[in-house]
Structure formats: structure tokens, C-alpha cells
Amino acid sequence: MKETFPEGKSDLFAAFIERCLTLLRPHGFMAQVTMQSWMFLSSFEKLRNKLRRCASIVAMLHMDNMVMRIAFGTSATVWEVGGDPTHPGKYTWMELSDIEGDKPRVFPAHNERNARAGDDGFFSVAQKDMAVIPGSPIVYWLSEKIRASFWNFPPLDTRSRSAKGLVTADNETFVRLWWEIELRDFGFGYADRESAKRSKRRWFPYAKGGEFRRWAGNLESVVDWEDDGRRIQTTMTSDGSRVRATNLNLDRIFKEGIAWTVVTSGQQAFRLVRAGALFDAAAGVCQSTTNEEHLALLNSNVANTILSAINPTLNLHPGYLGAIPIPNGITMCTIGDVRALIRNSQDDWDGFETSWQFASNPLVAISQELHSLQR
């Protein structure tokens, strides 16, 4: 299959799409019901590009999980071989709640996504207009303005560097919660590798994903980086062929950056991690000279809309961040707001014992203030 159907080799259904293209005359039509994965995943990008060159989408019914009584999304698609890729196709979306008695209540369905469609209930989008989006995903529901932003603005990866964080290969040995260690062994606030090494401390802050939280916080873990990570950098695999740890990112550690929780089933949240920490693979890392500006963008509704469209999986890998278009001229007023949000989020985080900067419970402080007022 790899040799015969190189673009569709990732899955049998994709190879079948390729095969059916060869059975049609020019301007012949083909209709298939398949899994939705070919629409979005990077492993099907070459197939999407081939389909755009060879055929145009005439119509698509895109169905959510369980609409067809199977636990994944599907698409019923009609292609015209040799069709005009500049001619708009018709797209509509259906959710399980739109079904009653195995039939749609109405068609096109009345749901939140279709509320943004045309007056006829269908999205009308040409394939060439979706090709401007990195990876060419079939994201028909994105607005014309968002699609245009991929033309008009540079991607985030031209102004920042995103990467997968450290994989220690043995978190049980190398990672702790900060309250599990002796505070005299805790290295806090070291801005570079050399000063951290000279401190002779063993444990250093470790950004490691966590619950939904924006702007700041979610720092509970520490990692063994004594003597510039000597133990992690010298622990070998059982056969002695290589170091077990990967993604050491030695040029990134201890520098300020943006972290997020890589695996999540809901909306993404991005946090600023001040200089002095390392980044785990569960958190990712995005760094630039303007982290606050980029944090404002990443926590915006626009970025969330784009990320949910170009990455429909539960794993937000760093490459997807780099594809987000970044507008020019985020004003200093916005930066002031971002700094206030970071400060407020950090203050909230520090109000609980899970923060290593915890001093007192905010309720106790309020109680003491009220008591002093009464006096």
C-alpha cells in the first residue's frame, strides 16, 4: 500500500479515497463516508493536497462523535474529479443532539457552529481558501477574517521558538513536588545554568502542565538539576547505547517562557513562567523576547478558535502554536493589562499552600484587616 497509495498510506480508508479517484472520468463524482481524520491530521496533509489538485469538494456533511453510532467523527463528502478548486463547496455540521430517532430534527441542523453559516445553513468555502492555513486542514467554519489573517500576518514561529519540554525518562527518580524536598536543596530564582550550577542546589522549579489556569501558576514540581543536570544527562538506557533523557533543551532552560498543558480535553490555557525554571514535556515551552505580547495572543479567543480548528486532537504540540498568525502592533495598553492579569493570577496562586511563595491565606489577611478596622 505504501508504494501504490503513498498519500493515503496512513489508513485503509485514505488509500480507498486515492483508488476511487483513478476510477472516475474528468468531472465525474465520488461520494464517501469516512472518518474525519483525513480533514485535519498532519499524517494526511499530502492526501489533502493531492485531493485539492485532482478534485474539488462539492458538498460535505461533517458529523460529530456518535452521530453514526461510532465513537469518532465522520464526514460524508462529495468530490468532483477535475473540478474547479476556486468554486465554493457546501459544508454543514451535525451533532448528536441534532439527532432524534436516528434522523436529524432539521437539515441543515440548528447548532452553534451552523449559526455562523450562510442563510441557507451551509458554509460556502473554496478549497483554495483553506489552503492558506498551514497543513491545509478542512476547517470550513473559520471566518473569512481569520483565514485572511494567515495571508496578512506572519506566523508566531517567526518571532518565537516553541519546543517540546524535557523527558527525564524516569520522573519517579528525578521529579518531586516541592514540599517533598528539603528547602535548603531548592534552587529558586537562578536565571542561567552557570549560576544554578554554582549554587550546588539539587532541585529547581519545573513547569509540568496541570489544571486549567491562565497567566501564571501551576508550579508545584521540581526537577533534579544538580551540577547542571549531571544525573539526568548521564543516566543511560539499559543497553548503554544512549542517555535515557531526551529534549534537554539546554539553550532554553532557566529562561523566561510560556508553558501550557499539552494534553487537555478542553480550552487551552497559557501561563508565563519566570526565569529560573525548566520545562517538562507535559508543559511545552514557547520563548521569545516579547513573551507577554505572545501570552496575550495565545490566551485570546481568536487563538483558541484557530488552535481548535488546526488541532482537533487532545494533544497540543508546539508546532501548532507556531502556525498562529500574529498581528502587528499589540499596544502597550494591552501589555499593561496582561501584566495585571499575570500579577493577579500569581497573587491568587500564592494565596494557597501549594505555592512555594505562600505566606498567609487571603481569608486570614481579610479577617485581620476587619479586626483592625473594628478597633
> Which of the residues spanning the range 309-338 are at pLDDT 85 or above, exposed (fewer than 15 other Cβ atoms within 10 Å of the Cβ) and part of a helix (DSSP H, G or I)?
Replying inline: G336, D337
> Given the conditions (1) surrounded by fewer than 19 Cβ atoms within 10 Å (Cβ to Cβ); (2) in contact with a Ser or Thr (Cβ under 8 Å, 6 or more places away or on another chain), and given that R214 satisfies all but one, which numbered condition is not satisfied?
Replying inline: (1)
> Which pairs have Cβ atoms under 6 Å, sit 6 or more apart or on different chains, and link a residue in the range 96-110 that is closer than 15 Å to A76 by Cβ to one that is β-branched (V, I, T)?
Replying inline: P108/T92
> Considering the range 240-297 alone, what residues qualify as being within 21 Å of F188 (Cβ to Cβ) and among the acidic types (D, E)?
Replying inline: E256, D280
> When both residues are 6+ apart or on different chains and their Cβ atoms are under 8 Å apart, which pairs have a first residue that lies in the range 48-64 and is closer than 12 Å to W79 by Cβ and touching a residue at least 24 places away in the same chain (Cβ under 8 Å), and a second that is of a type in the set (D, E, K, R) and part of a strand (DSSP E or B)?
Replying inline: A55/E80; S56/E80; V58/E80; V58/K90; A59/K90; M60/K90
>> Condition (residue is under 23 Å from the mean Cα position of the chain (by Cα), surrounded by fewer than 14 Cβ atoms within 10 Å (Cβ to Cβ) and at pLDDT 90 or above) applied to the range 160-176: is it met by at least one residue?
In response: no
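Among the residues of the range 208-236, which ones are over 23 Å from the mean Cα position of the chain (by Cα) and either within 19 Å of V285 (Cβ to Cβ) or at pLDDT below 95 (or both)? Before the answer, list the steps.
Let us first name the residues in the range 208-236 that are over 23 Å from the mean Cα position of the chain (by Cα), namely 222-236.
Answer for the range 208-236, where residues must be over 23 Å from the mean Cα position of the chain (by Cα) and either within 19 Å of V285 (Cβ to Cβ) or at pLDDT below 95 (or both): V222, V223, D224, W225, D228, G229, I232, Q233.
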>> Anything in the range 254-284 that is modelled with pLDDT under 95, among the aliphatic types (A, V, I, L, M) and in contact with a helix residue (DSSP H, G or I) (Cβ under 8 Å, 6 or more places away or on another chain)? List them, or say none.
In response: none
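Identify the residue in the range 57-67 that is surrounded by 17 or more Cβ atoms within 10 Å (Cβ to Cβ) and out of contact with any Phe, Trp or Tyr (no Cβ under 7 Å at 6 or more places or on another chain) and, among all such residues, is nearest to A126 (Cα to Cα). Full working, then the answer.
Taking the range 57-67 and keeping what is surrounded by 17 or more Cβ atoms within 10 Å (Cβ to Cβ), we get 57-58, 60-64, 67.
This time we only want the ones that are out of contact with any Phe, Trp or Tyr (no Cβ under 7 Å at 6 or more places or on another chain), so: 61, 63-64, 67.
Values: L61: 15, M63: 20, D64: 22, V67: 26 Å.
Only one residue fits best here, namely L61.
Could you tell me which residue of the range 1-44 is surrounded by the most Cβ atoms within 10 Å (Cβ to Cβ), considering only residues that are of a type in the set (G, A, S) and in contact (Cβ under 8 Å) with a residue 24 or more places away in the chain?
Our first condition is that a residue be of a type in the set (G, A, S); within the range 1-44, this holds for 8, 10, 14-15, 28, 31, 37, 42-43.
Keeping just the survivors that are in contact (Cβ under 8 Å) with a residue 24 or more places away in the chain gives 8, 10, 14, 28, 31, 37, 42-43.
On the way: G8: 24, S10: 19, A14: 22, G28: 15, A31: 11, S37: 19, S42: 17, S43: 13.
Out of the qualifying residues, it is G8.
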>> One residue is enough: does the range 91-102 have a residue meeting the conditions touching a Ser or Thr at 6+ places or on another chain (Cβ under 6 Å), under 30 Å from P26 (Cα atoms) and modelled with pLDDT of 90 or more?
In response: no
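The values are calculated or read from the model by the stated rules, or taken from the named source; none is laboratory data. Not measured: the values here are computed from a predicted model. Using ideal geometry, Cβ is built from the backbone for each residue, glycine included, and neighbour counts are taken over all protein chains shown.
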